Each structure stands twice: as C-alpha cells, then as structure tokens.
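Engineer: Have a look at this one before I ask anything.
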Amino acid sequence: MSKMQADANLAERAQLFKALGHPARLLILNLVRAKPRHGEELAAILNLNPATISHHLNKLAHVGLIKPQKDQYYQVYSLANGLLNKTLDEMVRLPQPGLTGAVAEDAYREKVLRTFIKQGRLTHLPAQLKKRQVVLEELVTEFEPDRLYEEREVNQILLEFHEDVATLRREMIMNKLMTREKGIYRRVS
C-alpha cells in the first residue's frame with residue numbers, strides 16, 4: 001500500500017468514526033438494523049425533522065454503513081453488509097508495510113539496554129518495573145536454561161555486570177527468571 005493509499009484509507013476510517021460520533025446516527029443504525037426503513041419513518045420514530053434525518057442518512061451512506069434502495073416514492077435504507085461486522089481493532093489498526101509487530105517492542109528494549117548497560121556493565125538497576133524486567137531478561141541470557149548453578153557460579157557471572165550480585169539474584173528469582181532451591185539456581189526456560 002502506497003503512502004497516498006494509506007493516507008486515503010486513514011481519512012476514510014476517520015470519516016467512519018465521525019459518522020458514528022452522533023447519537024441520532026447511532027439510533028438510526030439500530031433502527032435500520034432491525035428492518036429497512038425510509039426517511040419519513042425514521043423522522044417520525046426519532047421525532048426529528050425529515051431534513052435532519054436526510055442529513056444523517058447521507059452521512060451514514062457516504063461512509064458505507066447503510067445503503068439506499070428506491071422503493072416507489074421513497075428511498076429505503078438498510079444496513080450495508082460487512083462494515084459493522086469488523087472489530088474495533090480491525091478498524092483502528094493501521095497497516096505498517098515492512099514492519100513486524102515486534103519492531104516497536106524491540107526498539108523499546110534496545111533503548112532500555114543502551115540506557116542501563118554501558119560497556120557491558122550495568123550502571124544501575126532501573127527503578128521502573130518494566131525497565132527492570134528488560135534488564136533482568138537480558139542478564140539471565142548469560143545462564144544456560146535448565147542447567148544447575150551453585151551460588152558461587154551465579155555470583156561470578158553476575159559480577160561481570162554489577163557488584164550487587166545479591167540484589168540481581170533476588171530480583172531474578174522474584175521475577176521468576178530463575179529458581180533457587182537449597183542454594184542451587186536454575187534459569188527458567
């Protein structure tokens with residue numbers, strides 16, 4: 001999808017939400033969902049001026065929520081197929097060509113690691129839990145999954161990153177990245 005197409009698609013989505021943003025239009029959609037109706041019938045039910053109803057019907061038809069069909073002297077409106085069956089997530093999610101869902105998360109992770117790990121050493125443990133989790137997940141990669149480590153071995157590995165090995169060990173256990181049983185540590189896979 002080109003940038004121009006994506007921008008047009010974005011504008012169409014915004015128009016759809018704009019059309020849904022009026023209480024009378026929401027009532028009209030619910031009435032038309034129950035059964036096809038003409039403008040005068042909707043005006044009578046909602047106790048609104050026929051010109052006002054016509055304005056709302058045109059807005060809804062323009063974005064493809066309802067479709068008009070000529071029936072003798074009247075335009076009868078019914079629900080258009082498909083658009084209301086989409087989830088809100090499908091409607092607001094913007095296509096990101098060439099990007100995977102992990103890109104934004106990886107960028108955050110990389111930023112946190114650049115901030116707290118300088119020249120291979122942990123400057124300090126982040127106070128914010130989300131950032132601390134990122135740092136701890138990085139440090140735990142130094143341990144082989146399912147291998148048993150004595151506390152001395154754990155300390156030697158963690159000492160390469162920071163002097164406060166007791167805090168790092170405790171945090172890894174509290175965050176369920178490692179387990180400890182009788183002085184033996186194991187990385188959780």
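The values are calculated or read from the model by the stated rules, or taken from the named source; none is laboratory data. These numbers were taken from a predicted model, which means no experiment stands behind them. Positions of Cβ are backbone-derived with ideal geometry, glycine not excepted, and every protein chain shown enters the neighbour counts. The accessibility values were calculated without ligands, DNA or RNA, using every heavy atom of the protein model including side chains. Shrake-Rupley method; radii C 1.70, N 1.55, O 1.52, S 1.80 Å.
Engineer: On the given criteria, is Tyr149 surrounded by 10 or more Cβ atoms within 10 Å (Cβ to Cβ), at pLDDT 90 or above, in contact with an Asp or Glu (Cβ under 7 Å, 6 or more places away or on another chain) and in a strand (DSSP E or B)? Spell out how you get there, then give the answer.
Structural biologist: Numbers: surrounded by 10 or more Cβ atoms within 10 Å (Cβ to Cβ): yes; at pLDDT 90 or above: yes; in contact with an Asp or Glu (Cβ under 7 Å, 6 or more places away or on another chain): no; in a strand (DSSP E or B): yes.
Criteria not met by Tyr149.
Engineer: Can you tell me which residue within the range 180-189, out of those that are open to solvent by 90 Å² or more (accessible area, probe 1.4 Å) and of a type outside the set (Lys, Arg), is modelled with the lowest pLDDT?
Structural biologist: Among them, the one singled out is Ser189.
So that you can scan it fast, the table gives a plain yes or no per residue for (1) surrounded by 14 or more Cβ atoms within 10 Å (Cβ to Cβ); (2) more than 19 Å from Ile184 (Cα to Cα):
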residue: Lys111; (1), (2): no, yes
residue: Lys118; (1), (2): no, yes
residue: Ala127; (1), (2): no, yes
residue: Val134; (1), (2): yes, yes
residue: Leu158; (1), (2): yes, no
residue: Val165; (1), (2): yes, no
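Engineer: Return yes when Leu177 is open to solvent by less than 70 Å² (accessible area, probe 1.4 Å), among the hydrophobic types (A, V, I, L, M, F, W, C) and in contact with a His (Cβ under 8 Å, 6 or more places away or on another chain) and no when it is not.
Structural biologist: no
Engineer: Then there is this: Check off (1) assigned to a helix (DSSP H, G or I); (2) in contact with a helix residue (DSSP H, G or I) (Cβ under 9 Å, 6 or more places away or on another chain); (3) open to solvent by less than 50 Å² (accessible area, probe 1.4 Å); (4) not charged (D, E, K, R) for Ala61 and give me the number that stays unchecked.
Structural biologist: (2)
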